[in-house]
1. Restricting to segment 304-330, count the residues that are among the β-branched types (Val, Ile, Thr) and in contact with a Gly (Cβ under 8 Å, 6 or more places away or on another chain).
2. How many residues, within segment 111-123, are farther than 16 Å from Phe179 by Cα and over 15 Å from the mean Cα position of the chain (by Cα)?
3. From the list Val386, Val409, Val399, exactly one residue is over 29 Å from Ser55 (Cβ atoms), assigned by TED's automatic domain parsing to the domain that holds Met246 and among the aliphatic types (A, V, I, L, M). Which is it?
4. Checking Ala362 against (1) crowded, with 22+ Cβ neighbours inside 10 Å; (2) closer than 23 Å to Leu147 by Cα; (3) more than 17 Å from the chain's Cα centre (by Cα): exactly one of these is not met. Which one?
5. Identify all residues within segment 237-267 that are of a type in the set (A, V, I, L, M, F, W, C) and within 15 Å of Ala392 (Cβ to Cβ); write none if there are none.
6. Taking the condition at pLDDT 75 or above, crowded, with 20+ Cβ neighbours inside 10 Å and either among the charged types (D, E, K, R) or touching a helix residue (DSSP H, G or I) at 6+ places or on another chain (Cβ under 6 Å) (or both), does Leu219 pass?
7. How about segment 299-340: which of its residues are more than 29 Å from Ala407 (Cα to Cα) and of a type in the set (S, T, N, Q)?
8. Going through segment 96-142 one residue at a time, which ones are modelled with pLDDT of 90 or more and closer than 23 Å to Phe276 by Cα?
Amino acid sequence: MKKNDSFYKWTLLGALWLTYLFLQGTRQIFGATVTQIKADFAGIGVSDTQIGAISTVFGVVMGICLPFSGIAADFLRRKWIVITGVVLFSFGTFLSSFASGVGLFILSYGIITSSGQAFVGASASSLISQYHIETRATAFSIYQSALYLGIISFSAVSGYLGGMKDMGSGAWRLPFRVFGLAGLAIAVFLVFVLNDRHPSGAPRGPAKKRSFKEAATILFRRPSALLTALSLLMFIAVDGSYRNWMPNLLGEKFAGEIDPKWVPLNALLWHFMGAFVGVAVGSRVSDRFAKFRPSVRLETMLAGMFFAVPFIILMAFASNFTVCCVAMALFGVFRGVYDSNLFAALFEVIPQRYHAAGAAIAFSVSFLLGSFSSMITGWMKDNMAVQFSIAAFAGFYVVGALLLIAARVFFFKRDYERMKE
């Protein structure tokens with residue numbers, strides 16, 4: 001690799017890290033300000049179910065777009081796919097600040113923002129992989145750190161800005177406006193930083209055509225892979241509801257005990273700090289034992305889901321705010337343990353040539369179906385006590401754990417052996 005390639009690959013990583021930070025961060029603005037949005041829309045009779053539908057549309061659109069984003073990354077210029085995606089989700093975020101009801105919110109946030117974000121990931125990952133060959137693991141670990149920092153920092157800032165009383169009932173519009181415009185500025189920055197040239201020594205020529213039909217066939221013919229993908233559906237159902245509803249649920253549960261401006265930070269900080277620890281521990285343990293126990297990745301995911309359940313229940317019914325925060329953190333640890341091996345477990349039973357397509361299909365289906373949980377959570381809030389809305393998360397994790405038990409006990413050994421054929 002030439003010297004300029006060596007410098008550029010880290011410049012590229014820094015630019016895409018910033019992009020991913022904004023992608024994950026702007027996704028959190030809605031959840032961090034949902035209490036203020038509900039209050040502002042109270043005059044037009046908006047229910048929690050309708051508010052939840054906004055997030056559900058976001059996830060459904062994401063699920064529809066993900067397979068096409070993978071195809072686009074193979075056949076179009078990745079630089080312009082990333083930039084177009086950033087422009088779309090930033091414009092959608094900015095447009096959301098003018099929403100006066102659920103309809104425009106669904107258009108701006110649920111459709112425009114979601115579709116833009118769906119098209120960034122595959123091309124950004126491909127660009128990183130293209131330039132970082134010997135440093136790939138390090139590059140992606142750095143890139144992934146933007147997820148947690150984006151969630152925590154944008155939630156904190158959005159919650160603070162949205163709760164500024166001197167701004168009136170429309171204060172929630174400010175973070176959408178600020179971060180939307182900042183995202184558009186980043187898109188301009190990327191025009192001058194990103195390029196599509198091949199680094200020295202990288203493979204040249206057109207990308208090999210991917211067959212999503214064949215990848216789907218492989219996925220459905222490997223029961224352990226399919227069951228693992230279905231556990232992902234349960235995981236995403238909880239993750240989407242937690243991100244969008246937990247600040248509101250926590251604010252209602254401990255009204256008067258904590259400044260509303262800092263509720264979003266507390267709802268997400270402890271959980272995702274725990275997740276960061278869980279990811280580090282889960283990946284280290286599974287990597288150590290995987291050489292002589294291939295099923296350890298699936299077992300690590302199972303342990304993550306199983307041991308998260310009691311802490312979800314404690315989080316729901318804790319009468320003390322500190323105890324609730326500890327429960328959120330421990331729930332986060334085991335959520336991270338599950339998350340640490342998701343791709344690795346799938347790839348143990350899916351041929352390498354189908355890794356990207358298989359993962360795209362698994363995530364597409366999971367977003368399409370799992371996103372309905374946000375609307376279900378809103379319906380539960382309309383019809384029952386707050387704590388039961390939170391406790392319902394445990395049910396999804398129980399189902400996910402049962403799916404992983406079935407995958408490990410009945411199918412993994414056979415599917416793993418088929419990889420040697």
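The values are calculated or read from the model by the stated rules, or taken from the named source; none is laboratory data. Given the structure is predicted, the values throughout are model-derived calculations rather than measurements. In this analysis, Cβ positions are derived from the backbone assuming ideal geometry, glycine residues included, and neighbour counts consider all displayed protein chains.
1. Here is the first cut: in segment 304-330, the ones among the β-branched types (Val, Ile, Thr) are 309, 312-313, 322-323, 326.
Then drop every residue that is not in contact with a Gly (Cβ under 8 Å, 6 or more places away or on another chain), which leaves none.
So the count comes out to 0.
2. At the first step, the residues of segment 111-123 found to be farther than 16 Å from Phe179 by Cα are 111, 115, 118-123.
Among the residues that remain, those that are also over 15 Å from the mean Cα position of the chain (by Cα) are: 111, 123.
The total comes to 2.
3. Numbers: Val386 fails: over 29 Å from Ser55 (Cβ atoms); Val399 fails: over 29 Å from Ser55 (Cβ atoms).
Just one listed residue meets the conditions, Val409.
4. Failing condition for Ala362: (3).
5. Ala237, Val238, Trp245, Met246, Leu249
6. Working: at pLDDT 75 or above: no; crowded, with 20+ Cβ neighbours inside 10 Å: yes; either among the charged types (D, E, K, R) or touching a helix residue (DSSP H, G or I) at 6+ places or on another chain (Cβ under 6 Å) (or both): yes.
Criteria not met by Leu219.
7. Of everything in segment 299-340, those that are more than 29 Å from Ala407 (Cα to Cα) and of a type in the set (S, T, N, Q) turn out to be Ser319, Asn320, Thr322.
8. Of everything in segment 96-142, just one residue is modelled with pLDDT of 90 or more and closer than 23 Å to Phe276 by Cα, namely Gln117.
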